[in-house]
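Notes follow once the structure below has been shown.
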Amino acid sequence: MNKTLWFYQVTLTIVVAMCLRILPLSHTLELFNPDWVLLALIYWSLVLPERVGIFYAWAVGLLTDELTGQLFGQHALAYSLAIYACLKLHKRLRQYSLLQQGFFIFCCLLLSQLLFFFIKNLHQSVQLSSDFWLPLLTGTACWPLVYTALRFLRSAEQANIDHR
Amino acid sequence: MAVIASCALLVTEHRSSQLNALRMALSYLVDPLKYAVDLPSAVMHRASESLGSYAALIKENADLRDEQLVRQTQLLKLDALEKENVRLRALLENSFKLGEQVLIAELLSINTAPYEHILVVNKGTNFGVHPHQPVLDANGVVGQVFRTLPLTSEIMLITDLNHAIPVQINRNGLLTIAVGSGQLNQLNLPFLPSNADIRPGDLLITSGLGGTFPQGYPVATVDEFTSQPNKPFANITATPKSLLDRNRELMIVWSHSAPVPLISKPNTAEPVINTPTPTPALPPANE
């Protein structure tokens with residue numbers, strides 16, 4: 001793949017994911033809004049493990065912290081840990097079916113959500129209801145969607161290059 | 001290494017405010033996104049305004065003019081009352097804080113953290129906004145500025161779990177503290193003894209203690225409650241006066257820290273008292 005093209009592609013999808021993350025929704029839908037940024041990051045780390053590494057995830061996490069006004073470093077920490085797991089297992093994960101991948105995605109999202117939970121509890125008084133864990137389920141449910149959409153994007157791009 | 005770096009960031013941010021410069025720099029990258037996400041709803045808002053029919057606009061205009069007339073006459077009276085108040089306070093040899101400047105900020109309709117009551121508005125340090133400034137709307141206190149970035153700032157609502165506001169009961173001046181409940185339509189009053197003189201429907205106003213909120217703005221009305229004499233503290237809730245989830249325009253307030261001089265210097269006191277009505281003006285020069 002082209003040297004700079006991958007960067008534009010990845011950054012564009014991350015930006016779209018960030019927009020989805022802060023999309024204004026009705027109060028009930030808001031609770032279901034999954035962590036789109038992490039889903040996009042996981043996809044790219046599986047497809048381009050040599051490009052989208054831990055540092056990239058860390059930088060994106062820092063920007064997400066800024067975007068959502070959270071304590072600095074919490075998204076960075078969660079994302080870099082999740083992407084570390086993805087990079088370790090990417091060869092195996094590519095062979096898995098979507099269902100098996102879904103289980104792994106669930107674990108990644110659970111890890112990041114648990115970290116948010118601990119950090120939130122450490123520094124402020126928050127009464128978190130069980131709704132706090134809903135994005136985990138919707139995130140896992142959205143994974144096939146993200147996967148097929150991004151793969152479609154990539155294959156379209158590839159076909160475009162071949163055509164030229 | 002990334003783990004260590006993020007842990008270090010977490011600790012430093014929690015302990016101190018040294019990372020503000022980094023936040024400011026990063027916000028230039030991220031804030032355009034906030035505006036981009038807000039764009040559709042802003043366009044809808046603008047469109048519904050410009051597509052309103054001519055007759056409806058004329059009617060609204062007339063209504064507003066009537067309302068302005070009524071308010072104006074009330075203000076005339078307020079002017080006299082305020083002068084009287086200053087005179088009376090001068091008799092008590094007490095200085096009086098008066099006159100505030102406000103800046104109208106528009107809400108960016110984005111959703112950052114679903115479990116915190118934090119809003120993002122489109123005025124930041126480029127307009128001189130600074131943390132801990134009170135934020136009001138037409139009906140009462142909304143919250144305070146929590147964090148400022150160059151292009152946007154975050155506002156913590158009075159109903160946030162981490163927020164508390166010093167209030168007093170308008171009827172008898174009883175002082176207490178209203179703590180956020182985490183629900184948009186409820187404040188808790190946890191520090192009142194069960195025999196406190198408080199009734200359902202009482203108006204809570206800001207007491208001015210603590211220095212963040214200026215005195216005398218309405219905050220909430222006390223809800224119905226049943227007294228429980230067997231408990232040391234009463235379990236009382238209140239409903240915020242401001243429409244916390246229905247507003248698009250908010251007012252950020254600068255209160256003048258210099259007190260108005262006593263009546264012994266009437267010439268200098270006069271011009272300050274003549275401009276008590278807050279006008280949507282630019283931030284004061286000393287900010």
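Just so it is clear, none of the values below were taken in a lab; they were calculated from the coordinates. Given the structure is predicted, the values throughout are model-derived calculations rather than measurements. Cβ atoms come from the backbone with ideal geometry, glycine included; neighbour counts cover every protein chain shown.
Which of the trypsin sites (Lys or Arg not before Pro) found in the range B:184-255 are in a DSSP loop and have at most 10 neighbouring Cβ atoms, other than their own, within 10 Å? Answer in residue order: B:Arg246. Helices in chain A that qualify as membrane-span-like (whole DSSP H runs, Cα extent of at least 30 Å along the helix axis, mean Kyte-Doolittle hydropathy of 1.0 or higher) are A:98-123. Taking other C-beta atoms within 10 angstrom as a stand-in for reagent exposure, A:Phe104, B:Phe191 fall in the order B:Phe191, A:Phe104, fewest first. Could you list, in their original order, any pairs among A:Lys88/A:Lys120; B:Lys123/B:Lys241; A:Lys120/B:Lys34; A:Lys91/B:Lys34; B:Lys59/B:Lys83 whose Cα atoms are separated by more than 32 Å? In this structure, A:Lys91/B:Lys34; B:Lys59/B:Lys83 exceed 32 Å between Cα atoms. Put a dot 7 Å past the Cα of A:Phe118, heading toward its Cβ, do the same for A:Ala156, and the two dots end up 4.0 nm apart. Once the Cβ-Cβ distance of B:Arg46 and A:Phe106 is raised to the sixth power relative to R0 = 56 Å, the FRET efficiency obtained is 0.85. For the range A:9-30 versus the range B:159-238, the inter-centroid distance based on Cα atoms is 38 Å. Arranged from fewest to most other beta-carbon atoms within 10 Å of their beta carbon, A:Ile22, B:Ile165 become B:Ile165, A:Ile22. If the label point is 7 Å along Cα→Cβ of A:Asp131, which residues in the range B:156-185 have backbone nitrogen under 13 Å from it? From the range B:156-185, the list is B:182-185. Over chain A, dividing the summed -39,500 (n - 2.57) contributions of all DSSP H runs of at least 4 residues by the number of residues returns a 222 nm mean residue ellipticity of -26500 deg cm²/dmol.
Given a Förster distance of 56 angstrom, what is the FRET efficiency for B:Ser194 paired with A:Leu12, based on the Cβ-Cβ distance and rounded to 0.05?
The formula returns an efficiency of 0.40 here.
First measure r as the distance between the Cβ atoms of B:Leu174 and A:Lys91, then evaluate 1/(1 + (r/R0)^6) with R0 = 56 Å and state the FRET efficiency to the nearest 0.05. Calculated transfer efficiency: 0.25.
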